[in-house]
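> Take a look at this one; I'll ask things after.
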Amino acid sequence: MATGYLYHELFGWHDTGTNAGLLPADHRAGIQPLQHFENAETKRRIHELVVVSGVIDQLTRLEPRKATDEEILLVHTEEHLARIAAESEQPKGGDSGDGLSPFGPGGIEIGRLAAGGMIEATTAVVEGRVDNAYALIRPPGHHAEPATGRGFCMFANLAIAARAIRRTHGVERIAVIDWDVHHGNGTQKTFWEDRDTLTISLHQDRVFPPDSGFITERGEGAGFGYALNVPLPPGTGSGGYLSAFDRVVGPAIDRFRPDLILVASGFDANATDPLSRQGLTSSTYRTMTERLLDLAATHCDGRLAMSHEGGYNPVYVPFCGLAVIEALAGVTEPLADPYEPIFGAMAGLELQPHQTALLDQVVPLLDDIHAGASAGA
Ligand code: 3YP
Ligand code: ZN
């Protein structure tokens, strides 16, 4: 088994500035300069743990390239691309669209490298150069919509890769699982009317964007039923997530029968994240990865590619990321997560009745998912 791994130092140079978490520093408002939540550290420290643990020796290194205009325009409008290009020429850079998503001068080049990185990881999987792959890229992508960046995202890395691989390699049916704690609104919007792309977002109910990710959002036209949202209540731990996999993710993929599985892999549902109230530990991420590997083996020769998204505690995210990468690579002697005994022992991480009540509402929606004409009988 070969697992592709894609990272580049330039991802760490995407410059979100001296914001205080989410907001620009402003002493008049009492906002002391610090760092943007979306800074390099979680990503850089995943990479360094991959190296220091020795897991790097069991991976096949992939090299990112910059996505072309043509590739970016598979998802985005000319106006969005032109605006990012123009703001990249400003002496202090610009913002991807919502005022929460700053980038430095020349920022578009790192955005291109992130989107192109996910294209390369996906292509390596589909061409059989590797069995599966993890693209540790930055800036993230799942909030970026056709006409604008949002929520720290510049370009829709995963959605661009899905459209690109469909065009270059004729991959038809793609299932997207988004386990970032925030709603994958950009991916959902891109494929809203597409019945060949099943988007499943597991997220904390009404965090970001606060007005999307409801179970009533299901796609439209031919795509009706092929957008699925699982807005988990705050406080959900491994019990609720694994029940969502048992009752929603697994059965949805079994019905859909994808040719390829893509994952929007954020680690911000971890128990220590500053931007969520969920309770996952590295073992949950490991188990979710193993479940998806089984589903990919059943439906699409194991073809699975992951695109990095959020995750903001630099101390803990690396252990979650390493667990996923180890699981992808089938590492037989994984590094023990030294924090698991602490965070995994907290009360309430088992399945709770109000989580079951939410899943009870989602399960009937699976009836509208069907395998396409192209999928075997
Ligand atoms: C964007 C503004 C407030 C929350 C933030 C979420 C970014 C993220 O991790 N998205 O997946
Ligand atoms: Zn997130």
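> Just to be sure before I move on: is Val248 hydrophobic (A, V, I, L, M, F, W, C), under 17 Å from His143 (Cα atoms) and in contact (Cβ under 8 Å) with a residue 12 or more places away in the chain in the structure I sent? I'd like the intermediate steps shown before the answer.
Numbers: hydrophobic (A, V, I, L, M, F, W, C): yes; under 17 Å from His143 (Cα atoms): no; in contact (Cβ under 8 Å) with a residue 12 or more places away in the chain: yes.
Here the answer is no, as Val248 does not meet what is asked.
> Suppose we filter segment 306-319 for residues that are away from ligand 2 (no atom under 16 Å from the Cβ) and open to solvent by 20 Å² or more (accessible area, probe 1.4 Å); how many remain?
Pass one, segment 306-319, residues away from ligand 2 (no atom under 16 Å from the Cβ): 315, 318-319.
This time we only want the ones that are open to solvent by 20 Å² or more (accessible area, probe 1.4 Å), so: 315, 319.
Selection size over segment 306-319: 2.
> Criterion first (more than 16 Å from ligand 1 (Cβ to nearest atom), within 27 Å of Leu158 (Cα to Cα), open to solvent by 80 Å² or more (accessible area, probe 1.4 Å) and touching a residue at least 24 places away in the same chain (Cβ under 8 Å)) does His354 satisfy it?
Against the criterion (more than 16 Å from ligand 1 (Cβ to nearest atom), within 27 Å of Leu158 (Cα to Cα), open to solvent by 80 Å² or more (accessible area, probe 1.4 Å) and touching a residue at least 24 places away in the same chain (Cβ under 8 Å)), His354 does not qualify.
> If you go through segment 117-135, how many residues are part of a loop (DSSP other than H, G, I, E, B) and open to solvent by 10 Å² or more (accessible area, probe 1.4 Å)?
Step one: filter segment 117-135 for residues part of a loop (DSSP other than H, G, I, E, B), giving 127-131.
Now narrow it down to the ones that are open to solvent by 10 Å² or more (accessible area, probe 1.4 Å): 127-129, 131.
Final tally of qualifying residues: 4.
> Take the conditions more than 17 Å from Leu100 (Cα to Cα) and free of Cβ contacts under 8 Å to residues at least 40 places away in the same chain and apply them to Glu70. Does it pass? Quick ask: steps written out before the conclusion?
Numbers: more than 17 Å from Leu100 (Cα to Cα): yes; free of Cβ contacts under 8 Å to residues at least 40 places away in the same chain: yes.
Yes.
> Could you please find all residues in segment 189-205 being of a type in the set (Asp, Glu) and either within 16 Å of ligand 1 (Cβ to nearest atom) or open to solvent by less than 10 Å² (accessible area, probe 1.4 Å) (or both)? Explain how you work it out, then say what you get.
Taking segment 189-205 and keeping what is of a type in the set (Asp, Glu), we get 193-194, 196, 205.
Across segment 189-205, the qualifying residue is only Asp205.
> What's the number of the only condition in (1) more than 16 Å from ligand 1 (Cβ to nearest atom); (2) under 21 Å from Gly321 (Cα atoms) that Cys153 fails to meet?
(1)
> Residues that are in contact with a helix residue (DSSP H, G or I) (Cβ under 6 Å, 6 or more places away or on another chain) and closer than 20 Å to Thr60 by Cα: list the helices (runs of 4 or more DSSP H) wholly contained in segment 280-345 that include at least 3 such residues. Quick ask: steps written out before the conclusion?
Numbers: elements: 282-300, 317-329, 340-343.
Because the criterion is at least 3 residues that are in contact with a helix residue (DSSP H, G or I) (Cβ under 6 Å, 6 or more places away or on another chain) and closer than 20 Å to Thr60 by Cα, the helices (runs of 4 or more DSSP H) in segment 280-345 that meet it are 282-300, 317-329.
> Would you please name the residue that is nearest to Arg166 (Cα to Cα), looking only at residues in segment 180-210 that are more than 16 Å from ligand 2 (Cβ to nearest atom) and assigned to a loop (DSSP other than H, G, I, E, B)?
My answer is Asp196.
> Something else about it: If you go through segment 169-188 one residue at a time, how many are within 15 Å of ligand 1 (Cβ to nearest atom) and in contact with a helix residue (DSSP H, G or I) (Cβ under 9 Å, 6 or more places away or on another chain)? Quick ask: steps written out before the conclusion?
Narrowing segment 169-188 to residues within 15 Å of ligand 1 (Cβ to nearest atom): 176-188.
Now drop any that are not in contact with a helix residue (DSSP H, G or I) (Cβ under 9 Å, 6 or more places away or on another chain), which leaves 176-179, 184, 186-187.
The total comes to 7.
> Can you find, within segment 212-260, the residue that is surrounded by the fewest Cβ atoms within 10 Å (Cβ to Cβ) among those that are of a type in the set (Lys, Arg) and not in a helix (DSSP H, G or I)? It would help to see each step written out before you state the result.
Just the residues of segment 212-260 that are of a type in the set (Lys, Arg), to begin with: 218, 247, 255, 257.
Subset that is not in a helix (DSSP H, G or I): 218, 257.
Numbers: Arg218: 17, Arg257: 19.
Going through the qualifying residues, I end up with Arg218.
> Additional query: Mind checking which residues of segment 90-114 are over 16 Å from Ala147 (Cα atoms), buried (at least 24 other Cβ atoms within 10 Å of the Cβ) and within 16 Å of ligand 1 (Cβ to nearest atom)?
Phe103, Ala114
> A further question follows. Got a number for residues in segment 50-95 being under 21 Å from Leu158 (Cβ atoms) and not in a helix (DSSP H, G or I)?
Within segment 50-95, residues that are under 21 Å from Leu158 (Cβ atoms) and not in a helix (DSSP H, G or I) number 15.
> As an exercise: evaluate Thr287 against (1) away from ligand 2 (no atom under 16 Å from the Cβ); (2) open to solvent by less than 20 Å² (accessible area, probe 1.4 Å); (3) closer than 28 Å to Arg173 by Cβ and give the number of the one condition it does not meet.
Here Thr287 meets the rest and fails (2).
> Okay, next question. With respect to Arg138, is the statement that it is within 19 Å of the chain's Cα centre (by Cα), among the basic types (Lys, Arg) and open to solvent by less than 30 Å² (accessible area, probe 1.4 Å) true?
Numbers: within 19 Å of the chain's Cα centre (by Cα): yes; among the basic types (Lys, Arg): yes; open to solvent by less than 30 Å² (accessible area, probe 1.4 Å): yes.
Here the answer is yes, as Arg138 does meet what is asked.
> Is it the case that some residue within segment 261-271 is more than 17 Å from the chain's Cα centre (by Cα) and at pLDDT 95 or above?
So in segment 261-271, the residues more than 17 Å from the chain's Cα centre (by Cα) come out as 271.
So of that shortlist, the ones also at pLDDT 95 or above come out as 271.
Yes, segment 261-271 has at least one match.
> Taking the condition of being outside any loop (DSSP other than H, G, I, E, B) and open to solvent by 10 Å² or more (accessible area, probe 1.4 Å), how many residues in segment 141-163 meet it? Steps first, answer last, please.
Our first condition is that a residue be outside any loop (DSSP other than H, G, I, E, B); within segment 141-163, this holds for 145, 148, 150, 153, 157-163.
Checking which are open to solvent by 10 Å² or more (accessible area, probe 1.4 Å) leaves us with 145, 148, 150, 163.
Number satisfying all stated conditions: 4.
> Would you point out which residue out of Leu328, Leu322, Leu335 is touching a Ser or Thr at 6+ places or on another chain (Cβ under 7 Å), surrounded by fewer than 18 Cβ atoms within 10 Å (Cβ to Cβ) and not hydroxyl-bearing (Ser, Thr, Tyr)? Spell out how you get there, then give the answer.
Numbers: Leu328 fails: surrounded by fewer than 18 Cβ atoms within 10 Å (Cβ to Cβ); Leu322 fails: surrounded by fewer than 18 Cβ atoms within 10 Å (Cβ to Cβ).
None of the others qualify; the one that does is Leu335.
> So, Glu87, is that one away from ligand 1 (no atom under 16 Å from the Cβ), within 28 Å of Pro210 (Cα to Cα), in contact with a Gly (Cβ under 8 Å, 6 or more places away or on another chain) and open to solvent by 10 Å² or more (accessible area, probe 1.4 Å) or not? Let's see the steps before the verdict.
Working: away from ligand 1 (no atom under 16 Å from the Cβ): yes; within 28 Å of Pro210 (Cα to Cα): yes; in contact with a Gly (Cβ under 8 Å, 6 or more places away or on another chain): yes; open to solvent by 10 Å² or more (accessible area, probe 1.4 Å): yes.
Yes.
> On to the next question. Criterion first (in contact with a His (Cβ under 9 Å, 6 or more places away or on another chain) and within 15 Å of ligand 1 (Cβ to nearest atom)) does Gly266 satisfy it?
On the way: in contact with a His (Cβ under 9 Å, 6 or more places away or on another chain): yes; within 15 Å of ligand 1 (Cβ to nearest atom): yes.
Yes, satisfied.
The values are calculated or read from the model by the stated rules, or taken from the named source; none is laboratory data. Everything quoted here is computed from the prediction, not taken from an experiment. Neighbour counts run over all protein chains shown; Cβ positions are idealised from the backbone, glycine included. We work out accessible area using only protein heavy atoms, side chains counted, and drop any ligands, DNA or RNA first. Shrake-Rupley method; radii C 1.70, N 1.55, O 1.52, S 1.80 Å.
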